[in-house]
1. Mind checking which pairs have a first residue in the range 121-142 that is at pLDDT 95 or above and a second that is surrounded by fewer than 16 Cβ atoms within 10 Å (Cβ to Cβ) and polar (S, T, N, Q), Cβ under 8 Å, 6 or more apart or different chains?
2. Can you tell me which residues in the range 192-232 are in contact with a Lys or Arg (Cβ under 7 Å, 6 or more places away or on another chain) and hydroxyl-bearing (S, T, Y)?
3. Keeping to the range 83-105, report how many residues are of a type in the set (A, V, I, L, M), without any contact (Cβ under 8 Å) to a residue 60 or more places away in the chain and over 18 Å from L4 (Cα atoms).
4. Taking Y152 as the residue in question, decide whether it is touching a strand residue (DSSP E or B) at 6+ places or on another chain (Cβ under 7 Å), over 30 Å from S24 (Cβ atoms) and modelled with pLDDT of 95 or more.
5. Any residue at all in the range 159-180 that's touching a His at 6+ places or on another chain (Cβ under 8 Å) and outside the structural domain of S26 (by TED's automatic domain parsing)?
6. If you take the residues of the range 168-192 that are outside any helix (DSSP H, G or I) and under 18 Å from the mean Cα position of the chain (by Cα), which of them is modelled with the highest pLDDT?
7. Given (1) part of a helix (DSSP H, G or I); (2) buried (at least 19 other Cβ atoms within 10 Å of the Cβ); (3) in contact with a strand residue (DSSP E or B) (Cβ under 7 Å, 6 or more places away or on another chain); (4) not aliphatic (A, V, I, L, M), where does F64 come up short, assuming only one miss?
8. Could you list, in sequence order, all residues of the range 1-31 that are of a type outside the set (F, W, Y), more than 27 Å from S126 (Cα to Cα) and in contact with a strand residue (DSSP E or B) (Cβ under 9 Å, 6 or more places away or on another chain)?
Amino acid sequence: MLALKPLELSDRSWVEPLLAAEASRSAGYTFGTLYLWAPMWRQVAARVLDRLVVRYQSDGTEYFAYPPGKGPLIPVIEAMRDHAEAFGVPLKLIGVTNPQRAALEALLPGCFRFEEDRNGFDYLYSVEKLATLSGKKLHGKRNHCNRFEQDYDWHFEALEPRHFPAVLDLLQEWNKNAPESVSTQAEWEAVCRAVDGYAQLEMEGGMLFVEDTPVAFTMASKGYRSTMDVHFEKAREDYPGSYAMINREFARMVHRKYPQLHYLNREEDMGIPGLRKAKESYHPACMVQKYTAFWQEDEA
């Protein structure tokens, strides 16, 4: 049996090297994502050889992530299969990227069946494009920002601990009108974990103000392969253009501070029509495709 346990902030010291070895642009393979959303998915983890095994539980079933890291893959998959079999469930891997799918098919040909998970695709955007909003495709976004700048006395600040009460107040206000499909309680818990572990997680963020009123915030952490993962972004709808502004200003901050970072990963749309439309409207540079992998013998 796998010695699975909840991830704690102190586990970052041994988890990060395994994630860095994987070097995936997927948001699901950053310590920030794993730690912040752990309660929602009843997530537990363990190190097996030189790979990270993560198990999730939801809707009365359990499944695993692809085990990121280095070294032998087959013994780790076998350990995951044994664990799943002991609990009477088939082995299922979620969030499998194209390189990970290729690795599974090369080492275990014909053993997995793959289903595309379009709702889980990550949206990757050029930091420079989001910072400048250049080009015809982003003309509408430039107009939103121009209008905001004309209408309001505004300023942007890099997120610091002194902003945290305002972050929670703004999120609480946003939750009053949140779409039913969004798990507001889970997101509240994730943001609280981000606030509590902001320094240890080496997070970055920003807050947009109109005069002295906070109207938007964003929180992110560095990923891999020149990518930063945007975990949260919220803005007040009664200040039109605030979403476009917090997006642009944070991209500008990242571009200035980390010129070596090329992409902002704004994560998946979860199949929510409005969210998909909003993410597509920024014309991503590329998508991180993902699949769910099913061990075929377990389906027989």
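1. G140/S281; K141/S281
2. Selection gives Y224, T227.
3. Going through the range 83-105 one residue at a time, the tally reaches 2.
4. Yes: the conditions hold for Y152.
5. no
6. Restricting to residues being outside any helix (DSSP H, G or I) and under 18 Å from the mean Cα position of the chain (by Cα), the top hit is S183.
7. Evaluating F64 over (1) part of a helix (DSSP H, G or I); (2) buried (at least 19 other Cβ atoms within 10 Å of the Cβ); (3) in contact with a strand residue (DSSP E or B) (Cβ under 7 Å, 6 or more places away or on another chain); (4) not aliphatic (A, V, I, L, M) leaves (1) as the failure.
8. The answer is L2, A3, L4, K5, P6, L7, D11, V15.
The values are calculated or read from the model by the stated rules, or taken from the named source; none is laboratory data. As the structure is a prediction and not an experimental result, all values here were calculated from the model. Ideal geometry is used to build each Cβ from the backbone, glycine not excepted, and the neighbour counts take in all protein chains shown.
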